1. Can you find even one residue in segment 145-160 that is in a strand (DSSP E or B), surrounded by 20 or more Cβ atoms within 10 Å (Cβ to Cβ) and at negative phi?
2. Mind checking whether some residue in segment 29-45 is within 19 Å of residue 130 (Cα to Cα) and either touching a Leu at 6+ places or on another chain (Cβ under 9 Å) or charged (D, E, K, R) (or both)?
3. Enumerate the pairs (first residue in segment 155-176 and in contact (Cβ under 8 Å) with a residue 24 or more places away in the chain; second residue anywhere and assigned to a strand (DSSP E or B) and of a type in the set (Phe, Trp, Tyr)) with beta-carbon separation below 7 Å, excluding pairs fewer than 6 apart on the same chain, so at least 6 apart or on different chains.
4. Considering (1) in a loop (DSSP other than H, G, I, E, B); (2) buried (at least 23 other Cβ atoms within 10 Å of the Cβ); (3) at negative phi, say which one residue 62 fails and leave the rest.
5. Name, by its number, the condition in (1) within 19 Å of the chain's Cα centre (by Cα); (2) among the β-branched types (Val, Ile, Thr); (3) not in a loop (DSSP other than H, G, I, E, B) that does not hold for residue 232.
6. Of all residues in segment 168-188, count the ones that are in contact with a Phe, Trp or Tyr (Cβ under 8 Å, 6 or more places away or on another chain) and hydroxyl-bearing (Ser, Thr, Tyr).
7. Of the residues 68, 34, which single one is farther than 30 Å from residue 249 by Cβ and buried (at least 17 other Cβ atoms within 10 Å of the Cβ)?
8. Of these, 15, 8, which one is surrounded by 17 or more Cβ atoms within 10 Å (Cβ to Cβ), in contact with a helix residue (DSSP H, G or I) (Cβ under 9 Å, 6 or more places away or on another chain) and over 23 Å from residue 160 (Cα atoms)?
Amino acid sequence: MKQFLISTQSLLQKTTDICRGKGYGIEVLPFSGPEYLRKTPDGIEIHRLAFRGIKLRTVHGPFSKLQPGCTDETMRKAAEKEVVFSLRRAEELDAGHLVVHHGEVLDTDPDEWVFNSIVFWKQILSTNTRNIRIHMENVRDADPALMMDIISGVDDERFDICLDIGHAHCYSDIETNEWITRLNNMIGYVHLHNNNGSGDGHLGIADGSMDIISVCNTLEKFCPDALWSLEVLDDYTNDSLVWLSEKGYIK
């Protein structure tokens with residue numbers, strides 16, 4: 001049975017109780033930036049206590065519009081500061097995984113973006129002394145090509161792709177199954193949620209217009225070792241877990 005996690009931002013205790021009971025891992029969002037710890041100085045200790053008995057842990061990194069591949073060195077340095085902040089919090093939480101957005105290419109030449117991104121991620125990984133696996137997530141990417149070039153250029157087993165199937169469904173004209181077949185074993189982590197194709201709704205796994213059974217089967221075929229993390233709105237968590245269990249994807 002595959003390794004499976006539940007992502008949560010606000011229902012920490014309820015989610016960790018489910019994860020402990022089922023043997024799932026946990027993915028948390030509050031350490032994507034410093035704001036949470038400014039408001040909750042003991043936030044690390046709160047999460048460490050909540051994580052007791054849960055070995056598989058992921059921290060979601062910055063949500064801001066990262067520019068690791070842009071031409072502006074100041075913006076690249078700002079991106080580095082944000083990523084390193086989340087990486088250090090992952091270390092403090094004994095998390096083995098960090099998810100970070102690919103970034104928004106905007107006006108940068110694609111080849112230059114790839115070159116700068118490769119340099120950026122090699123530098124980040126050189127400071128990753130705890131060997132946390134970093135998963136680069138697609139957001140508004142229309143095509144997986146740039147991410148594939150970056151992963152190939154960095155060429156580090158600690159660095160791969162988090163395929164967010166919901167983002168691929170609503171932000172790209174390429175079918176989600178094609179994303180999977182093209183990325184193949186570059187996918188080390190998957191965000192599971194659904195939507196109606198017109199916006200990033202983070203609906204229940206079976207509540208959108210994506211052919212989710214086909215997508216799940218394609219994931220199992222082309223990246224069987226990838227971790228799956230359920231990233232739905234809290235109200236959809238229970239029904240999504242039941243659906244995934246009934247279909248035989250999780251225990």
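The values are calculated or read from the model by the stated rules, or taken from the named source; none is laboratory data. Just so it is clear, the model here is predicted, and its values are computed rather than measured. Cβ atoms come from the backbone with ideal geometry, glycine included; neighbour counts cover every protein chain shown.
1. The initial filter retains those residues of segment 145-160 that are in a strand (DSSP E or B), namely 159-160.
Still in the list and also surrounded by 20 or more Cβ atoms within 10 Å (Cβ to Cβ): 159-160.
Those left that are additionally at negative phi: 159-160.
Among the residues of segment 145-160, at least one is in a strand (DSSP E or B), surrounded by 20 or more Cβ atoms within 10 Å (Cβ to Cβ) and at negative phi, which makes the answer yes.
2. So the first thing to find is which residues in segment 29-45 are within 19 Å of residue 130 (Cα to Cα), and the list is 31-32, 44.
Of the ones still in play, those that are also either touching a Leu at 6+ places or on another chain (Cβ under 9 Å) or charged (D, E, K, R) (or both) are 31, 44.
Looking for residues that are within 19 Å of residue 130 (Cα to Cα) and either touching a Leu at 6+ places or on another chain (Cβ under 9 Å) or charged (D, E, K, R) (or both), one finds at least one in segment 29-45, hence yes.
3. 162/189
4. Status for residue 62: all satisfied but (2).
5. Failing condition for residue 232: (3).
6. Residues in segment 168-188 being in contact with a Phe, Trp or Tyr (Cβ under 8 Å, 6 or more places away or on another chain) and hydroxyl-bearing (Ser, Thr, Tyr): 2 in total.
7. On the way: 34 fails: buried (at least 17 other Cβ atoms within 10 Å of the Cβ).
Within the list 68, 34, the selection yields 68.
8. Values: 8 fails: over 23 Å from residue 160 (Cα atoms).
Of 15, 8, the one residue that is surrounded by 17 or more Cβ atoms within 10 Å (Cβ to Cβ), in contact with a helix residue (DSSP H, G or I) (Cβ under 9 Å, 6 or more places away or on another chain) and over 23 Å from residue 160 (Cα atoms) is 15.
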